[in-house]
Amino acid sequence: MARVFSGIQPSGSMHLGNLLGALRNWVAYQNEHQAVYCVVDLHALTSAPDPAELRQSTLAAASMLLSAGIDPERSVLFVQSAVGEHAELAWMMECTVGFGELRRMTQFKDKSGRSEFVSAGLFTYPALQSADILLYDTDLVPVGDDQRQHIELCRDIAERFNRRYGDTFTVPTHVIPEAGARVMDLQNPNDKMSKSLDSPGTVGILDDPAVVARKFKRAVTDSDNEVYYDPVAKPGVSNLLGILASATDRSPEAVAEHYTQYGRLKADTADAVNNLLAPIRDRYLELSAEPAEVVRILETGAARARSVAAATLDRARNNAGLIPRPSFHSPPDGSDTGTKP
Ligand code: AMP
Ligand code: TRP
């Protein structure tokens, strides 16, 4: 059975891009694979969120994943900072990745260009992300298109580490959906939909159905009034076609054949999105009444994650020449293997 791993930041509220680009694949993978999903709160620290907000949004993100269909019986769901091995392996990743490689990351260039204070953590972010992935002997990483470069870097890091120190890590592959991999902002269809920008062109998973309908109605298109799929020449219309295609499991080109008017396309896209969001909103409301249940799920998930992560970290430490950890650091089940399973 292939191992699947992915993560999502708890900052801001989740949006349609997260759902179509990533979460729907996460849910699908639980059936046939060993899936491990993580709320990456350490990554969120790179932008110094308010502590109370971070606490709240970490639990909210976990509730949202459960609402979107992550089943704790079939998947491991946990919070990154609960498993200390992530931060520890991240250091070894920082010593394996090149400064020049990190400097070429487009997410770093975008985010550092937008903020006044640029933390070193924002720069080394992909090293922590690589640790996340490699700790679980991950084969597949389902993500949106914006993470392609980070996963490719993770492969390079894993291969370099294996060359230096002998076979230690599984080299992972990204899985990016055909439609929905890059959901754009409805107001600025040249920018990707994002939770940090707080734009009226972002469709929140928890948005009221009437709000969703209004956001699609006001979506920016163009003035030539022809419906066809061409993300470069027609970014707004193509974004609507991509969303509707993803929400109804078709290709954007096939969807385009059914439309001659923008108004109809917008209304049908809003309806399809609302159909997708309705059950998620309902489950989220139910779960909000049971915060202790969410905490319990995360605790169980962290214990399961740690038993895998600790063995991988020990293998990496051993291969790199760090002497064994004192036994009080061993995982509760005592698994302290120096070999790859
Ligand atoms: P983030 O919200 O940045 O932690 O992203 C979580 C997941 O959602 C990652 O796999 C991203 O690639 C994916 N994602 C974020 N924004 C979008 C978007 N606008 N379109 C498609 N996928 C996205
Ligand atoms: N960097 C990812 C994002 O911004 C989140 C993330 C952290 C991640 N660790 C991961 C995604 C590991 C996939 C695998 O979306």
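What number goes with the only condition from (1) within 30 Å of residue 254 (Cα to Cα); (2) within 13 Å of ligand 2 (Cβ to nearest atom); (3) not in a helix (DSSP H, G or I) that residue 136 does not pass?
For residue 136, the exception is condition (1).
Scan segment 266-280 and tell me whether some residue there is over 30 Å from residue 66 (Cβ atoms) and either out of contact with any strand residue (DSSP E or B) (no Cβ under 8 Å at 6 or more places or on another chain) or not hydrophobic (A, V, I, L, M, F, W, C) (or both).
Scanning segment 266-280 turns up at least one residue that is over 30 Å from residue 66 (Cβ atoms) and either out of contact with any strand residue (DSSP E or B) (no Cβ under 8 Å at 6 or more places or on another chain) or not hydrophobic (A, V, I, L, M, F, W, C) (or both).
State yes or no: is residue 130 assigned to a helix (DSSP H, G or I), of a type in the set (Ser, Thr, Tyr), surrounded by 20 or more Cβ atoms within 10 Å (Cβ to Cβ) and touching a helix residue (DSSP H, G or I) at 6+ places or on another chain (Cβ under 8 Å)?
Numbers: assigned to a helix (DSSP H, G or I): yes; of a type in the set (Ser, Thr, Tyr): yes; surrounded by 20 or more Cβ atoms within 10 Å (Cβ to Cβ): yes; touching a helix residue (DSSP H, G or I) at 6+ places or on another chain (Cβ under 8 Å): yes.
In short, yes.
Can you report the number of residues in segment 169-182 which are over 14 Å from the mean Cα position of the chain (by Cα) and within 17 Å of residue 252 (Cα to Cα)?
2
Under 6 Å by Cβ, and 6 or more places apart or on different chains, what pairs join a residue from segment 175-188 that is charged (D, E, K, R) with one that is part of a loop (DSSP other than H, G, I, E, B) and more than 14 Å from ligand 2 (Cβ to nearest atom)?
Note: pairs meeting the criteria are 185/191; 185/199; 185/201.
More than 17 Å from residue 301 (Cα to Cα) and away from ligand 1 (no atom under 12 Å from the Cβ): is that true of residue 52 in this structure?
So residue 52 passes the test.
Can you give me the number of residues within segment 107-127 that are touching a residue at least 12 places away in the same chain (Cβ under 8 Å), surrounded by fewer than 16 Cβ atoms within 10 Å (Cβ to Cβ) and closer than 22 Å to residue 182 by Cβ?
1
Restricting to segment 30-78, and then to whatever is among the charged types (D, E, K, R) and more than 14 Å from ligand 2 (Cβ to nearest atom), can you tell me which residue is surrounded by the fewest Cβ atoms within 10 Å (Cβ to Cβ)?
Across segment 30-78, the extreme among qualifying residues is 73.
Hey, which of the helices (runs of 4 or more DSSP H) in segment 1-116, taking only ones fully inside, have at least 2 residues that are within 19 Å of the chain's Cα centre (by Cα)? Steps first, please.
Values: elements: 24-29, 41-44, 51-67, 85-94, 99-103, 106-114.
The helices (runs of 4 or more DSSP H) meeting that bar are 24-29, 41-44, 51-67, 85-94, 106-114.
Could you pull out the residue among 194, 115, 199 that is among the hydroxyl-bearing types (Ser, Thr, Tyr), near ligand 1 (Cβ under 9 Å from one of its atoms) and at negative phi?
194
Residues in segment 163-180: is at least one part of a helix (DSSP H, G or I) and surrounded by 23 or more Cβ atoms within 10 Å (Cβ to Cβ)?
Within segment 163-180, not a single residue is part of a helix (DSSP H, G or I) and surrounded by 23 or more Cβ atoms within 10 Å (Cβ to Cβ).
Quick check: is even one residue across segment 266-284 free of Cβ contacts under 8 Å to residues at least 60 places away in the same chain, farther than 19 Å from residue 20 by Cβ and buried (at least 17 other Cβ atoms within 10 Å of the Cβ)?
The answer is no, given that none of the residues of segment 266-284 is free of Cβ contacts under 8 Å to residues at least 60 places away in the same chain, farther than 19 Å from residue 20 by Cβ and buried (at least 17 other Cβ atoms within 10 Å of the Cβ).
The numbers here are math on the coordinates, done by the rules we state, and not lab data. Predicted, not measured: the structure shown is a model, and the values here were computed from it. Note that each Cβ is placed from the backbone with ideal geometry, even for glycine, and that neighbours are counted across all protein chains shown.
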